[in-house]
Structure formats: C-alpha cells, structure tokens
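Data first, discussion second: the structure below is written as structure tokens.
Just so you know, all these numbers are worked out from the coordinates, no wet-lab data involved. Model, not experiment: these values are computed from the prediction. Using ideal geometry, Cβ is built from the backbone for each residue, glycine included, and neighbour counts are taken over all protein chains shown.
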C-alpha cells in the first residue's frame, strides 16, 4: 500500500462522519457529501481518525484503499474549507457575468453562452474577465470549471480564450515566408 494510503484521515471538530454498509457520509459546515462503500476496502473510525485497510492482498484492493482514503479526505476538506477554481478570460470583448446560479459568457460567438451551475457550486465574477467557482465537492467544481473552459479553450497563436488562472499557454510562432 502507498504511504499516503496508510495515513489516517483526521476528523476536525464540527464534522460528523457516519459509516454504513452502503455509504460513507460526511457532514459539516459546507454541506453533506456521500461516497458509496467499496467492497475491497474496510473503513474504521478509531478515536476521531479514519483508517483504510484493504480486504485482501490483491493489487486492486491496495489501489482502492489509497483511492478511497483520498476521496474521503477530499470530502472532509470540502465540508470544512471548500474548493475553489479560478478562470481568466483573455481576449478583446470577452466577458463573464454571474447572475444567481447562471453564468453568462460573451466569448466571441454570435450568441451569448449561458451555463447553469450544479447544486452546491457558487459562481462569482469579481471582474468581467475573472470567474471564481466555489463548492464542497472537488469533483463537481473541477468538472464545471473544465466545461466552462471548453466553451472557448485558449488558442496557441494569440492565447485568446478561457484558461485557468494558474495555467500557462505556450504561444506558437507564426508561419514565415
């Protein structure tokens, strides 16, 4: 088993974890998240720390123990601190506007692009060229950020498009005669 997979997950104050035969449920200030139980991993709560042990010595069970441990850790972090993704719009006339649980994008098409936010994800636009997504579920926040970026991915010649704030785009040199 990996080193990270062997580490227990500490449960901070204000977070409730309930283990049932079919799911692991984590409840905190950020909301409630559930993960279906895996038959290859045994989860035990010992004094405020969750331990994950593989059921047998197979390679699949070892891999799933580390995976389930990290998924539960992400759930605990999500309900305490939450997850955040920032996107930037680069291009003349490109702008974004958050209206409730919708995001309106003007990114060079003949029509505006409207994107509905899933439940548990909030969107904010501090400036017209910045988008900030926040939520408790890491997978959902990352997925909606990828879908927004896919509306107009950065192109390699001028760098115009929607990109993550920490993403670097390599600009290609144009053709020469």
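Structural remarks
- By the count of other C-beta atoms within 10 Å, a proxy for reagent exposure, 171, 131 are ordered fewest to most as 171, 131.
- Rg(Cα) / (2.2 N^0.38 Å) computed for the range 3-80, rounded to two decimals: 1.03
- The share of alpha-carbon pairs in the chain lying farther apart than 21 Å comes to 59%.
- Ranked by the mean number of other Cβ atoms within 10 Å of their residues, highest first, the peptides 155-167, 12-24, 68-80, 85-97 come out as 68-80, 85-97, 155-167, 12-24.
- Residue-span extension gain [residue 49 to residue 155] - 0.36 nm each, minus C-alpha spacing: 33.5 nm
- Estimated FRET transfer efficiency when R0 is 35 angstrom, pair residue 58-residue 146 (beta carbons, to 0.05): 0.60
- Rounded to the nearest 10 degrees, the angle from helix 59-80 to the longest Cα principal axis of the chain is 70 degrees.
- Span from the the range 125-177 Cα centroid across to the the range 53-108 one, whole angstrom: 15
- Residue-averaged [θ]222 nm for the chain, counting only DSSP H segments that reach four residues, each worth -39500 (n - 2.57): -7000 deg cm²/dmol
- With all pairs of different C-alpha atoms in the average, the Kirkwood value for the hydrodynamic radius of the range 83-164 is 12.6 Å.
- Virtual spin-label span in nm between residue 3 and residue 168, 7 Å along Cα→Cβ: 2.6
- Pairwise label distance in nanometres, residue 97 with residue 27, each label 7 Å out on the Cα-Cβ vector: 4.0
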